[in-house]
Amino acid sequence: MQDRRLKPGDAQAATGLTPVGKWTKQIAVPRGWCVPHWSQNNVLDGVFRFARSLGCAPEEICAGVGLDLEQALALDALVPHGMIIDVLEWCAEHGREPSFGLHLAARTDPRTLGLPIMIAERSHSVAGFYDLFRQNLPLHTTGYSFQFSTEASGGVGRLLIHSEHALPARQWAECAVSLQVRVFQRMIAWDWRPRGVELAHPRQGDLGVYESAYGAPVLFEAGRNALLFSAEDLLWRAHRPHHQPFNAVDRPLQSVALDRGDDHIGRVSEVIRASLPTVPTLQTVASELSMSSRSLQRRLKEKGADFTDLLTATRVELAQDYLRRPGIGIGEVASRLGFAQVGALSRMLRRELNVSPRELMAGRSGFDEPALRRSRSG
């Protein structure tokens, strides 16, 4: 398998970079790949716990797929969605569990899914669920989507995978479709079952495991990954007021964006972190947030923020983090932050914090708050 980890000197040669969350350790995308789609790494916690029961440690899993361990374990960090796909496939092979994805879905509490459950609580029909999902999923991940359509026998919720991945997407597809079944069981009725399930790949494990997971007939090598609904399913309507508050959803999950009044400052900073050392523009960040440049600029202005200031503040914050870590040189820090020369890093720190890189490396404190507070005010 090709090593996708990026060495400091290779930063400018990569065609795209993995989102990295707080720690911003770079992972390169091989030439010819598109800029990666990302997801939060929350799902990896459950994957690692299940994999341990099969004798697979997080360290060897990450080494096997080229995912940085610190990035995988950092709280709410972003990772390439394709690597999540690779992790599940690697675990199935090395844990000798052909139904890894289905078992993982069965072990997952649907409430931890966040956005899908919030949408299910708000939706009043199957078609309405997919419409809200289409509108809001890009705020959660750009790695996949569901396309809903109708046909003579009912409806089809087709899983579309947009991210590049080195290993087959069999385990992830089985897991994702199984979790969709569980979401609709919470939305429609606990005993709800789909009309059928179609998977694009050959059967991986025991047929009984599939039928137990989906509660419906499964067609393999169907040319698509899809959840099939009956005509009766499409007539179902929820008997609850529109826009009912999410009383059944844990408060931490309500931070997931469902409305356009999202924390745009936080999201912009997150995208900037993920893009470095490729320096993002307002246009590229707006595109990642499924917004126009003008809309994003207006939202930031409403909160007293400016894109250029956020870019600088994010670089300053990361510079402080890196320079206070042992074993990281000034040149490497400059490269990680997208500076062509060390002098540019030094000028930024002197201008924003009135310190030099060497002073930060010496462990001096008390310099980070002013710049960050200025950029995040409002």
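The values are calculated or read from the model by the stated rules, or taken from the named source; none is laboratory data. This structure is a prediction, so every number in the text was calculated from the model and none was measured. Neighbour counts are summed over all protein chains in view; Cβ atoms, including those assigned to glycine, are modelled from backbone coordinates with ideal geometry.
Of the listed requirements (1) modelled with pLDDT of 70 or more; (2) β-branched (V, I, T); (3) over 21 Å from R96 (Cβ atoms), V65 misses just one: (3).
Among the residues of region 333-353, the ones that are assigned to a helix (DSSP H, G or I), surrounded by fewer than 16 Cβ atoms within 10 Å (Cβ to Cβ) and of a type outside the set (A, V, I, L, M, F, W, C) come to 4 in all. Of everything in region 46-83 that is in contact with a Leu (Cβ under 7 Å, 6 or more places away or on another chain) and among the aliphatic types (A, V, I, L, M), the residue that is surrounded by the most Cβ atoms within 10 Å (Cβ to Cβ) is M83. Answer yes or no: is there a residue in region 171-189 that is crowded, with 17+ Cβ neighbours inside 10 Å and over 30 Å from L78 (Cβ atoms). Yes, that holds for at least one residue. Pairing each residue of region 117-136 that is touching a residue at least 12 places away in the same chain (Cβ under 8 Å) with any residue that is basic (K, R) and assigned to a helix (DSSP H, G or I), provided the two are 6+ apart or on different chains, yields C-beta distances under 9 Å for I117/R111; I117/R186; A120/R186; E121/R186; F129/R122; L132/R122.
The residue pairs whose first member lies in region 299-328 and is among the aromatic types (F, W, Y), whose second member is in a helix (DSSP H, G or I), and whose beta carbons are closer than 7 Å, counting only pairs six or more residues apart or on different chains, are F307/V268; F307/L282; F307/Q297; F307/L300; Y322/V333; Y322/R336. If you scan region 139-167, which residues turn out to be outside any strand (DSSP E or B) and surrounded by 17 or more Cβ atoms within 10 Å (Cβ to Cβ)? If the condition is that a residue be outside any strand (DSSP E or B) and surrounded by 17 or more Cβ atoms within 10 Å (Cβ to Cβ), then L139, H140, T141, T142, G143, S163, E164, H165, A166, L167 are the ones that fit. Of all the criteria given as (1) farther than 16 Å from Y144 by Cβ; (2) in contact with a helix residue (DSSP H, G or I) (Cβ under 9 Å, 6 or more places away or on another chain); (3) not aliphatic (A, V, I, L, M), the one not satisfied by W172 is (1). Scanning region 303-331 for residues being acidic (D, E) and assigned to a loop (DSSP other than H, G, I, E, B) gives a total of 1.
Taking the criterion of being touching a Cys at 6+ places or on another chain (Cβ under 6 Å) and crowded, with 24+ Cβ neighbours inside 10 Å, the residues of region 92-101 that qualify are F100, G101. If I filter region 186-196 for residues that are more than 21 Å from G82 (Cβ to Cβ), in a helix (DSSP H, G or I) and outside the structural domain of G46 (by TED's automatic domain parsing), do I get at least one hit? Yes, the conditions are met somewhere in region 186-196.
The requirement of being at pLDDT below 90 and outside the structural domain of L78 (by TED's automatic domain parsing) is satisfied by S290. Considering the conditions (1) among the polar types (S, T, N, Q); (2) under 15 Å from the mean Cα position of the chain (by Cα); (3) modelled with pLDDT of 80 or more, N136 is excluded by exactly one of them, (3). Checked against the criterion of being part of a loop (DSSP other than H, G, I, E, B), at pLDDT below 95 and not assigned by TED's automatic domain parsing to the domain that holds V285, the candidates H239, H201 yield just one match: H239.
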